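First the structure, in the form of structure tokens, and then the observations on it.
FYI, it's all coordinate maths here, none of it is from the lab. Since the structure is predicted, the reported quantities are computational estimates derived from the model, not experimental observations. FYI the Cβ positions are ideal-geometry reconstructions off the backbone, even for glycines, and counts take in every protein chain you see.
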Amino acid sequence: MSGAVPDISTPLSPIESAAQEIGRPVRTIRWPAEGENPEVLLTREWLVTNGLGGYASGTISGVITRRFHGLLIAALPSPLGRRMMFNDLAEHIRLPDRRLVMLGGEERATHLKLHGAEYLREFRVELGLPVWTYRFEDITLEKRIVMVHGQNTVHICYRAVCARCRVRLELRPALHFRPHEGALGGPLQEPYATTVVHDRYEFSCAEPGLPPLRTLVFGEGAAFTCDERYIKEVLYRIEESRGYEFRGDLWSPGCFHFELSEGSQGALVASTEPWDIIRALSPEQAMRLEVERQELLLERAHPPARSGWGAELVLAADQFVIAPAGRAEDMARVHAMGGELRTVIAGYHWFTDWGRDTMISLEGLTLWTGRQAEAGWILRTFAHYIRDGLIPNMFPEGENEGLYHTADASLWYFHALGRYLEMTGDRQTLRALLPQLLEIVLHHLRGTRFNIHVDAADGLLAQGAPGYQLTWMDAKVEDWVVTPRRSKAVEINALWYNALRLLERWVQEESWEQHHASELADHAERARESFNRRFWYEQGGYLYDVVDTESGEDDSACRPNQLFAISLDFPVLEESRWKSVVEVCRDRLLTPVGLRSLSRDHADYKRNYRGDLRTRDAAYHQGTVWGWLIGPFIDAWLKAHRGDKKEARKFLAGFEPHLSEACIGTIAEVFDAEEPFTPRACVAQAWSVAEVLRCWVKTAE
């Protein structure tokens, strides 16, 4: 957003000054912006994470519009999982003449509608952290939010940049402790209780095992006034638009307050950690250490990713790489081996860690950001969970055991390992994993869960079981699998061939039971020959999406899945057909923010991704644009056009303006299939960020 903005003469903070001086990423939205409706402040969101799977998030306006918006969503050990612990905060400035200026809180929705966001002057994401600047008359106030890495602790910090008089800041928290996706409208866990010991304030409910919310307040004259009240019928407007429960009550224990004069600071700290951990860092220390951590992330990244909006993506990538707080047994086992437990959150706000998403994202999130050690930990962690030749599709919230209903996550594991080995040369990890990799292939050859098996007639990999969605096109509503794609899917077979060739090479390099190498080569060659004979759709000049379907016909729907036959390290499609496939995908599927999941001319094509769950899932893979697909498209483009990086870089241009919409500084999960390509679903998605970042580096000249 841009436009004429009054000069508010706000001095730069020390952090902002340092960021601008050394060219570090600062993404700024000034307000009011000419011609903009205040409603846009309800659709722009921010996100801060803690490296455990916990986070804080909300809208720029401060109005909570999702069940997932809050100032502390804590990642707690199983079986608790992620929990909403701090929902909202009403913020008021009390002037010397007793006037009350409302910056936000439970009345904010009405305030925004009636009066506009009249006090907001600027919002920015500065080195990955959200900053608000408010101005009322001659008072300019700055707010920052930071989470301590590795803790369920949030610091909400305020600074009076300019104030001609002393004012009092009053902060009223609003709470409803509930599971991450728990009911909004259920009864609040009663009785809620407030415990005060000296300057320590604890708020708790009757749920067994749930820690209290522990709070501290910093600032001149800091104090707390007990004034219990219930806030009824809070509206969550995005939940309403998505067809979910959208009203619920909150409980407030009272009000924190402290004095501010020009240059002074104050803060509210909230946490589920023990008191000694909370007190270990002051708000200033917490902010400084997080900024230093973000700086280090940029210094470690591949050089092309250290500046420009590529640097923003490095910081965005950090939000997805976590040490899962809930899996204590896994943590103990990995620590005993001298490693660290790591996984990848697939998307915020509601996804946990998914095997497929993790393996697709691994290169962009870790290898090009200088986090190779963590990449190795992730690969070794998932190896522990291999069952019947499969890695888990996902780990449900608050559980230790994964679900295995996926036909491609295990094949993506080979791809991720290949990119890791290319970057690190870590032969020790390869040697440790080789037996399990061979077991994966043997299980696929013999047949494993969900009817995943190699067809003895042609050597192609088939999959499919009633009631399951096994490929990445995995939308399901109750018993309806929207795009079942059972039998021989194009990307599954491209991944199968790639896995066979990678394993053949590794076995040869390690001189490890060499008879396996020739067997793998035979299986690979047979799959390649059958693939080129069976998948080529001559009439369209591209590849069938699925062959030998349950109806007995081949599916000629034009989808982006065919690009993997070119983009992977070992392309299964013969080279003479590469340009045709790439041109078809460019002409029929490419948009400024990724690729459509289905071409416009198909009868099932959907222009928009919105409405209730059934309507959305009907469109999820039927035209909806996926940002992550720009990665395989650029890979295929570069192969078909002999490494034309300059032209390939142009395909990323649409993502830069997107960093100023939806969740500021990151990339959404999906977009509508037609202009203006409105972002939808998760506001921050791991593979979207990972693939755009990877291609940003890959196309650098």
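A compact table of results
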item: Over the stretch 558-649, volume per residue of the alpha carbon convex hull, in Å³; result: 99 Å³
item: Stretch gain in nm, segment Glu529-Glu181, where the contour uses 0.36 nm per residue and the Cα spacing is subtracted; result: 120.5 nm
item: Relative contact order (percent, whole number), the chain, Cα cutoff 8 Å, 6+ residue spacing; result: 11 percent
item: Helix-only [θ]222 nm of the chain, DSSP H runs n ≥ 4, -39500 (n - 2.57) each, per residue, nearest 500; result: -9500 deg cm²/dmol
item: Isotropic mean projected area of the C-alpha convex hull, the stretch 184-233 (nm²); result: 4.7 nm²
item: Scattering curve values for the chain, log₁₀ I(q)/I(0), Debye with Cα scatterers, q = 0.09 Å⁻¹; result: -0.79
item: The stretch 14-295: equivalent-ellipsoid semi-axes (sqrt of 5 x gyration tensor eigenvalues, Cα, Å); result: 26, 22, 21
item: Sorted by Cβ density within 10 Å, fewest first, the residues Glu504, Glu233; result: Glu233, Glu504
item: Lysine pair number, Cα distance threshold 30 Å (strictly under), the chain, separation 8 or more or different chains; result: 20
item: Calculated from backbone phi, Karplus (6.51, -1.76, 1.60) coupling profile of the stretch 315-325 in Hz, x at Gly/Pro; result: 5, 5, 4, 4, 5, 9, 8, 10, 9, x, 5
item: Three-way shape call for the stretch 662-701 based on the alpha-carbon gyration tensor, with the a/c threshold at 1.5; result: prolate
item: Loop GluC sites (Glu not before Pro), the stretch 395-451 (other Cβ atoms within 10 Å of the site Cβ: 16 or fewer; DSSP); result: Glu399, Glu401
item: Rg [Å, one decimal], Dmax [Å, integer] - the stretch 225-267, C-alpha atoms; result: 16.6, 46
item: Sequence-separation-based contact order of the stretch 316-427, relative, with Cα cut under 8 Å and 6+ spacing, percent; result: 25 percent
item: Integer Hz, Karplus 6.51/-1.76/1.60 couplings in order for the stretch 445-455, x for Gly and Pro; result: 5, 7, x, 9, 4, 6, 6, 7, 6, 8, 6
item: Shape metrics for the stretch 301-698, restricted to C-alpha atoms - Rg then Dmax, Å; result: 19.7, 58
item: Low-density loop cleavage sites - GluC sites (Glu not before Pro) in the stretch 543-598, where at most 15 other Cβ are within 10 Å (DSSP); result: Glu550, Glu553, Glu574
item: The stretch 110-239: radius of gyration and largest Cα-Cα distance (Dmax), Å; result: 17.4, 49
item: Per DSSP, loop trypsin sites (Lys or Arg not before Pro) in the stretch 623-701 with at most 15 further Cβ within 10 Å; result: Arg642
item: Surrounding net charge for Arg446, when Lys and Arg each add one and Asp and Glu each subtract one, Cβ distance under 11 Å; result: -2
item: The chain: angle of helix 686-698 to the longest principal axis, Cα-based, in degrees nearest 10; result: 70 degrees
item: Amide H within-cut-off set for Glu122, under 5 Å, with H built and near neighbours excluded; result: Trp31, Thr133
item: Amide proton proximity set for Gly51, modelled H, under 5 Å, gap of 5+; result: Gly150
item: As computed over the stretch 317-411, the Cα convex hull volume per residue (Å³); result: 92 Å³
item: Two-decimal Rg to Rh for the stretch 163-308 - Kirkwood Rh, Cα set; result: 1.05
item: Where Rh is the Kirkwood radius over Cα pairs, Rg/Rh for the stretch 451-570; result: 1.01
